[in-house]
C-alpha cells in the first residue's frame, strides 16, 4: 500500500490502527449526517402555514407533515440498528442517504398533502437508517473513555448548531425560495455527504447483533400509527366517535400483541424485562417527559408566532432563537450540574424548569407581547437544554453494558415516540379548543354568515385562514379573522398549560422512580 493510500484510509502503518486525523474526519462526517436529520426534523415547522396555503391543506394535513416523518422514524429506529449492524454500517448509511435524497425530491414535487406525507414517511425511514448507522460508527471508532467523551461532545455541538439554526433557516428558505426548496436543498447536501462517507467511513458490522424482527417492527409501527391517527383525527371525527374509538382500540391491541410477541422471542427487538426496574422506567419517563413537554414546542411555537403576530416565515424562524439558543447554552451546564446532583436530580430540575417556562409562556401568549413570550421560551429552552444530554445518559446508566446498543435504541425511540404522540395529542387539543373558542366568539358577536366546520377550524389552526374566509363580505371577513386569531391564542394557551402539567407529572415520576444509576448485570 502506498503512502497516499495509507493517508487516504487513515491506517497507521506502525500500529495498524486508524490515525487520529482520520478518526476526526469520520466523526465530523457522521456528526454531519446526524445534523442533517436534526435540521430536517426542525426546519419544516416554520413552513407549515406556507405548505397549508400552497396545497390548500387543513391542520390535520400539516400535522401529518410532522407526524408521518416522526412516526416512520420512531417506528424504524430499533430494526434499523439491527440492519446496520448485520449488513454493514457504511453500506446502510449510504443506502439511507439515497432513500433520504429520493424522498426529499418527492417532497419538493408533492402536488397534494397525501403525496407530501407519504414522501415524509419514506424520508423518516431513511433518517432512521442514517441515525442508527452513524451512531454505531462513532461508537465503533472511539473506545477510550476520554476520546469517547470528546467525540460525543463534538457530536452534541454539531447537533446543537443544527437545532439552533433550523427555524431561522427554514424561515429564510420559505420566504425567499418557497417551502419546496427546504426539501430540494437536501439534494446537494446529501451528494456531499455521500462523498464524505465513501472517503472517510470504513465498513464495520456485528454479526452477533440482534436479528431483524419484522413481526415486532410491524406490530410496533402499526400500533403507533393507529393511535396517532386517532389523536390527529379526533378533532375532526369526534373524540367519542366510533371511528376514533376503533383507531385507539386497534392501536392498543397491536401494541399488546407486540408485547406478547417480544416476551416470547429468544432475541427480542426490545428486552421488555428492563421495564421491570423502577430506576429504568424513571429514566425513560424523563426522556418521554422531555419530548412531550419541551421538544414538541419546536412544532407549535412557529404556528403561534405566525398566527398570533402575523409574522412571516423568516421572522417566525428568527423569533424562535431565544428557545433554541437557551437550549444550546444550558446544555453546557449539564456537566456542571452533575457535580452537585445525580441524574435523577438533573432530570427532575430540568422538567420543573420546563413546567415553569411553559406556564409562563401560557400566561404571556394572550398579552400579544413578543418580549414576554420570548422570556417564557428562554426558561423552557433552558430546562430543555439540561434534559437533552442527561436523558440519554440516564437511560444508558441503568442498562447493563452488554445491552447499551438496545438501551440507546430505546432512548432514541422514546424521544421520537414522545414527540409524535405530543404532536397528535396536543395538536388535537389545539384544534378542539380553538374551534370551541371560535364558535363562542362568533356567537357573542352575532355573526352567523358561515358555519364553523371542523375543516374550517383546521385551516385556521394551520395558518390558512385567508383561504377559509374567501367569499365572505368584507365586514364578516374582518370579524372572522379577529375571532380566528383570538381563538387560536386561546387554544395555544391551553396547549401550553397541558404541556406544563405533563412536565410536572414527569418530574414527579422521575423523582419517585429513577433512583440509583447503577445498572443490573
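The values are calculated or read from the model by the stated rules, or taken from the named source; none is laboratory data. All figures in this text were calculated on a predicted structure; none of them were measured in a lab. Cβ: placed from backbone, ideal geometry, glycine included. Neighbour counts: every protein chain shown.
The residues listed here are 429, 417; of these, the one that is in a helix (DSSP H, G or I), under 21 Å from residue 66 (Cα atoms) and under 15 Å from the mean Cα position of the chain (by Cα) is 417. Only one entry in 222, 233, 178, 238 is touching a helix residue (DSSP H, G or I) at 6+ places or on another chain (Cβ under 9 Å) and farther than 30 Å from residue 460 by Cβ, namely 222.
Residues are listed down the side, and each one gets a yes or a no for (1) in contact with a helix residue (DSSP H, G or I) (Cβ under 6 Å, 6 or more places away or on another chain); (2) in a helix (DSSP H, G or I); (3) under 20 Å from residue 181 (Cβ atoms):
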residue	(1), (2), (3)
75	yes, yes, no
80	yes, yes, no
96	yes, yes, no
102	no, yes, yes
107	yes, yes, yes
119	yes, yes, yes
132	yes, yes, no
164	yes, yes, no
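Those helices (runs of 4 or more DSSP H) of the range 214-317 in which at least 1 residues are modelled with pLDDT of 85 or more, within 22 Å of residue 373 (Cβ to Cβ) and assigned by TED's automatic domain parsing to the domain that holds residue 343, considering only elements entirely within it, cover 278-290, 297-309. For the range 90-145, the set of residues classified as free of Cβ contacts under 8 Å to residues at least 12 places away in the same chain and buried (at least 20 other Cβ atoms within 10 Å of the Cβ) is empty.
From (1) modelled with pLDDT under 90; (2) within 16 Å of residue 40 (Cα to Cα), pick out the condition that doesn't hold for residue 133. Condition (2) is where residue 133 drops out.
All conditions but one from (1) part of a helix (DSSP H, G or I); (2) over 13 Å from residue 385 (Cα atoms); (3) touching a residue at least 60 places away in the same chain (Cβ under 8 Å) apply to residue 364; the one that does not is (3).
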